Amino acid sequence: MSGHRQRRDLGSAPEAGGEVVRTGASLLPSRLFHEAVAQAQVAISITDASATILYANAAFGRITGYQPEEIIGHNEAFLSDHSTPREIYESLWSSIKSDRPWSGYLVNRHKTGARYLAELTITPVQAQDGSSYYLGMHRDVTPMHSLEQRVHNQKALIESVVDAASMPLVVLDEAGRVVLDNQAYKKLIGDFGVGEPAAEFLRLLQADMGPAFEAARSGGRGFERQEVMVGPPTSNRQRWFSCSGVWFRERDPSAEAFFHDRRQTYLLLVANEISHLKQQQEELYATALRALTAEQELVQSLQEALAGASFQFQGPLNLIGAATGILDRRVDACEDTAALQRVLRHALEAGREAQAMIRQSMPMRPPEAVTPVSFNGILRDVLSMYTNRLLAEGVVVDWRPAPQLPSTTGREGRLRGMFKQLVDNALDAIPLGRAAERELCIVTADTGDGILVRIDDNGPGIPEEDRLRVFEPFYTTKGAGGSGGMGLGMVQEVVAEHDGTVAVGRSDLGGCRVDLYFPLRRQVLGGP
Ligand code: FAD
């Protein structure tokens, strides 16, 4: 509010006759100074040492509402609204009495009674005869003050609305710097631990949306409900956010941009956490998959049972066929033999009819279309179906998907059923092993010309001599009492449908290793 000690001399260095004033090297007519003060757009008053008004210019009249003749001889105090704190006046007077200029704000009252905010500067001046005067200059800054207050209030309102929002909200400038955020966002910074969550959201959005992100920015359209996943894909610390953003432009408030329409672009980004919803969705999806797979398994087991029955029929039919052949070739055929031949032929026919009926009643698998498939996605689905079993049986799963697998085509349902079969086999085998910790490891890899899926367990493994035979129907390594099925046979069938290979070996975990290789196929295949 106060400045340096600075008493000005009124009418300094007047030339002879008081007509001119020396300013540096020039001599200016003193009348010019009088006119400059009289015409100035700022309210100027000159008072004596006790603030009694001796002179006031036209602008003073316009701003206060009083004509000069109404105020000359009055104290400046008559302008006071009496709402300015006493300490302000004390500071004002203490400053000017010490010959220091004072600047500050006072609440004045216009002649009409309306209050206005005066931005006032008082400069002490001393005449050549030594008498003290005060030069007062003030302007009405009410509109600017109320504008400032409105901006301030709006900012406070926006900040409190933003802060009250339960979802993380952030405003970023063109350089990606956070210029405004809320409590929910600050909490997210704590949760993320390192780095700026907004930077991570932008990185993921740009990667997921591709050119659409830039198009949304340059077209000023923004984006809505773009889902992004934060956290390593293999961990259970993944968090899902639904992000919406809108770009807005603001005029550059700097002086250099006054004559040029320079604008800054900001992005308002809202990241609504949907991890819970996503988890529910995934559970529903896993349940639907389980139902679908159970239906496929039912068809599969019916096919297996009927194929088994047909297979069991074949042995006796072969024997009957052989016996009929022997009887046909006998030369000493008698009547009894002919009767036996008829019975046997009848039995053979009846047997073949029954076998044909069994084959006919085998449920047909509905044809499945070949579509683009994601091996990582299918394996993740299969693992999600087993979440409860894995937890219940205490099996630790080491799921290591390749970060990026080449695109290929296949029959998704068949592949899913096949991987489920392999995981089933591994989970059945693991408890039979002797390891204290139950482990299942699934790896996918890009081999350049195809995709490798490796499934390791730490069960008892498959002895080397059995590794080819396990693919035979109804073969089992479970020993006496163990029932074999078409499990690995079906695996081989599905692998062959995809032009792939399957090999069983010994796992580094100590149990069984199944390596499946699928060459890349981009063309769409025919029917099943
Ligand atoms: P006062 O009783 O007059 O003063 C309040 C306090 O001010 C006192 O306690 C005292 O500390 C101090 N004070 C007052 N007069 C003197 C003095 N002569 N010497 C030392 N200390 C003193 N006021 C406005 O409200 N609006 C204006 O636009 C305005 N313009 C001014 C322009 C000039 C050039 C000057 C010199 C003063 C101006 N003043 C203005 C101040 C004004 O003169 C009064 O001091 C103020 O209005 C307070 O008046 P008051 O009657 O409420 O209280």
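The values are calculated or read from the model by the stated rules, or taken from the named source; none is laboratory data. Bear in mind that the values here come from a model prediction, so they are computed numbers and not experimental data. Note that each Cβ is placed from the backbone with ideal geometry, even for glycine, and that neighbours are counted across all protein chains shown. SASA here: full protein model, heavy atoms, side chains in, ligands and nucleic acids out. Shrake-Rupley method; radii C 1.70, N 1.55, O 1.52, S 1.80 Å.
Worth pointing out:
- Whole-angstrom gap from the range 48-92 to the range 116-145, using each part's C-alpha centre: 9
- Diffusion coefficient, µm² s⁻¹, Stokes-Einstein with Kirkwood Rh over alpha-carbon pairs of the range 332-424 at 20 °C and 1.002 mPa s: 117
- Only helices enter this figure: runs of n ≥ 4 DSSP H residues, each worth -39500 (n - 2.57), summed and divided by the residues of the chain, yield -13500 deg cm²/dmol at 222 nm to the nearest 500.
- Protection-proxy order for peptides 282-291, 138-147, each taking the mean of Cβ atoms within 10 Å per residue, highest first: 138-147, 282-291
- For the range 208-349, accessible area per residue (1.4 Å probe, heavy atoms of protein chains only), Å²: 67
- Atom-type composition of the exposed protein surface of the chain places 56 percent of the accessible area on carbon and sulfur (1.4 angstrom probe).
- The value obtained for the chain, namely the Cα convex hull volume divided by the number of residues, is 275 Å³ per residue.
- Of all aspartates and glutamates in the structure, those lying under 20 Å Cα to Cα from K111, and not within fewer than 8 positions of it along the same chain, are E69, E70, E76, D81, E119, D140.
- Overall form of the range 100-206 per C-alpha gyration tensor (a/c, 1.5; a/b vs b/c): prolate
- Helix 412-429 vs. the chain, principal-axis angle (Cα, 0 to 90°, nearest 10): 80
- Farthest toward positive dipole pole in the chain [+1 Lys/Arg, -1 Asp/Glu at C-beta], among F192, N153, S310: N153
- With distances taken between every two different alpha-carbon atoms, the range 247-346 has a Kirkwood hydrodynamic radius of 22.4 Å.
- Think of a 1.4 Å ball rolled over the protein heavy atoms: the range 88-195 then has 58 Å² of accessible area per residue.
- Size of charge dipole - the chain - debye, nearest 20, with Cβ of Lys, Arg +1 and Asp, Glu -1, no other charges: 420
- Helix 142-164 and the longest principal axis of the Cα set of the chain meet at an angle near 20°.
- Between helix 183-192 and the chain there is an angle of about 50 degrees, using the helix long axis and the longest principal axis of the Cα atoms.
- When each of K187/K420; K187/K278; K186/K420; K155/K187 is checked by Cα-Cα distance, pairs over 32 Å: K187/K420; K186/K420
- Think of the chain as a dipole: +1 on every Lys or Arg Cβ, -1 on every Asp or Glu Cβ, centred on the Cα centre; then among L180, L117, Q300, L117 lies furthest on the positive end.
- Counting 0.36 nm for each residue step from L292 to M167 and taking away their Cα separation leaves a gain of 41.3 nm.
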